[in-house]
Amino acid sequence: MTVMIDGKALADEIVQDVAQEVSSFKLKHKVVPGLAVVLVGEDPASSVYVRNKILRTEQAGLQSFAHYLPENTTQKQLDDLIDQLNEDDSVHGILVQLPLPKHLSESRVIDAISPAKDVDGFHPENVGKLVTGQQVLVPCTPLGCMIMLKRHVDELSGKHAVVIGRSNIVGKPIANLLLQSHCTVTIVHSRTHNIESICRSADILIAAVGQPHLVKEDWVKPGAVVIDVGINQITSDGKRKLVGDVDYHAVFSKVSAITPVPGGVGPMTIACLIQNTLTAAKHQFGA
Ligand SMILES: Nc1nc2c(c(=O)[nH]1)N[C@@H](CN(C=O)c1ccc(C(=O)N[C@@H](CCC(=O)O)C(=O)O)cc1)CN2
Ligand SMILES: [Mg+2]
């Protein structure tokens with residue numbers, strides 16, 4: 001029997017657990033942990049994600065500070081806002097929604113965020129800590145994937161994990177986390193030869209490339225655990241729908257567990273952001 005890994009249900013659990021911890025934090029420190037969310041422009045998908053992030057922040061009893069900036073915001077205006085949020089004691093976590101409009105530098109903004117408030121875990125200091133196993137703040141999507149894997153794989157140690165995709169926000173950090181869990185890790189990407197046969201040798205397959213239905217039935221090993229990070233909008237029978245990087249229906253009966261799209265990794269990304277905000281606040285209070 002294949003298990004459908006329910007990211008939405010697990011995300012609800014995580015947010016509830018964080019809410020309980022937030023109550024204790026408030027009693028102990030007389031402070032409400034705060035998350036500042038910055039959105040530049042009006043990209044429709046980003047607007048949905050930001051709205052959901054703010055909703056979840058409030059569900060967890062955290063304070064949210066939303067900053068909606070116009071598309072024509074200058075780099076200087078964005079830098080000034082980040083400086084102000086870095087200095088603000090009521091803000092424990094800062095998140096700048098990506099992608100930014102083309103005229104703004106993502107790396108400059110990421111570098112400007114105080115590493116202690118970097119709840120996305122994208123700052124080079126936090127990336128270095130992740131690679132060397134000293135992490136406090138881990139990028140939200142990889143963290144969500146690891147939580148799901150730990151629930152569904154008895155023993156990660158020694159398993160062959162194949163990561164499709166080498167992005168800074170998913171592929172590279174998840175490969176490092178899998179390595180810390182003693183997996184044998186292979187990263188494959190657009191220049192890799194024989195991708196399909198490498199994927200077929202995976203006990204754990206993570207797809208994070210943004211190509212609808214790339215992973216077919218003959219790409220997976222029987223009994224593998226598949227985590228689908230892709231969220232791709234396609235038009236099928238004249239209707240728009242979201243699909244993952246994995247051909248879910250073709251692969252389903254062959255694998256032991258798989259995440260759906262929607263309702264898999266996406267909701268976990270937001271739940272892990274909420275968890276990271278509490279982690280950042282605790283760390284700032286010496287816990
Ligand atoms: N600063 C950041 N920017 C971006 C990140 C990030 O982690 N930090 N990740 C992605 C977008 N993202 C979060 O920001 C994100 C994407 C998707 C979902 C989600 O819940 N998806 C739903 C479907 C939603 C829909 O109906 O459109 C699902 O998969 O069920 C949450 C967060 C890039 N930018
Ligand atoms: Mg840019």
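Tally Lys and Arg at +1 and Asp and Glu at -1 over the other residues with C-beta under 13 Å from the C-beta of Gly223: what net charge comes out?
Result for the local shell: +2.
Of all DSSP beta bridges located in the chain, what percent are antiparallel, nearest 5? Numbers along the way, then the final one.
Working: 5 of 35 bridges.
Of those bridges, close to 15 percent are antiparallel.
At 7 Å along the Cα-to-beta-carbon direction for both Glu155 and Asp80, put a label point, then send me their distance in nm to one decimal.
That separation, rounded to one decimal, is 5.9 nm.
Between Asp88 and Ser201, what's the calculated FRET efficiency when r is the beta-carbon distance and R0 is 45 Å? Round to 0.05.
It comes out at approximately 0.35.
With a Cα-only, solvent-free Debye model of region 140-266, what are the log10 I(q)/I(0) values at q = 0.22 Å⁻¹?
These q points yield log10 I(q)/I(0) values of -1.38.
With θ set to phi - 60°, apply the Karplus curve 6.51 cos²θ - 1.76 cosθ + 1.60 along region 207-216 and write out the HN-Hα couplings as whole Hz, x wherever there is a Gly or Pro.
Whole-Hz 3J(HN,Hα) from phi for region 207-216: 10, 9, 10, x, 10, x, 6, 4, 8, 9.
Distance cut-off 21 Å, Cα to Cα: go down the list Lys8/Lys172; Lys8/Lys221; Lys28/Lys129; Lys8/Lys239; Lys8/Lys241; Lys150/Lys282 and report the pairs above it.
Numbers: Lys8/Lys172 24 Å; Lys8/Lys221 26 Å; Lys28/Lys129 28 Å; Lys8/Lys239 24 Å; Lys8/Lys241 18 Å; Lys150/Lys282 24 Å.
Beyond 21 Å: Lys8/Lys172; Lys8/Lys221; Lys28/Lys129; Lys8/Lys239; Lys150/Lys282.
Where does helix 75-87 land angle-wise versus the long Cα axis of the chain, in degrees 0 to 90, nearest 10?
Compared with the principal axis, the helix lies near 70 degrees.
Where a Cα-Cα gap under 16 Å defines reach, which aspartates and glutamates qualify for Lys254, not counting those fewer than 8 residues away within the same chain?
Here the aspartates and glutamates satisfying the reach criterion relative to Lys254 are Glu196, Asp203, Glu217, Asp218, Asp228.
Any idea what % of Cα-Cα pairs in region 1-120 are farther than 24 Å?
34
Taking Cα centroids, how far is region 205-263 from region 116-174 in Å?
Their Cα centres are 20 Å away from one another.
Describe numerically, in nm with one decimal, the distance between label points set 7 Å from Cα along Cα→Cβ at Val136 and at Gln59.
Once both label points are built, they end up 2.7 nm from each other.
Give me the number: length gained by fully extending Arg108 to His249, i.e. 0.36 nm times residue separation minus the C-alpha to C-alpha distance, one decimal in nm.
Gain on extension, Arg108 to His249, equals 46.6 nm.
Take the Cα atoms of the chain, build their convex hull, and give its volume per residue in Å³. Walk me through the numbers before you get to the answer.
Working: hull volume 39.1 nm³, N = 287.
Expressed per residue, the convex hull around the Cα atoms of the chain is 136 Å³.
Read-outs throughout are calculated quantities, based only on the coordinates presented, and are distinct from any laboratory measurement. The shown structure was predicted, so the numbers you read here are calculated from the model rather than taken from an experiment. Neighbour counts run over all protein chains shown; Cβ positions are idealised from the backbone, glycine included.
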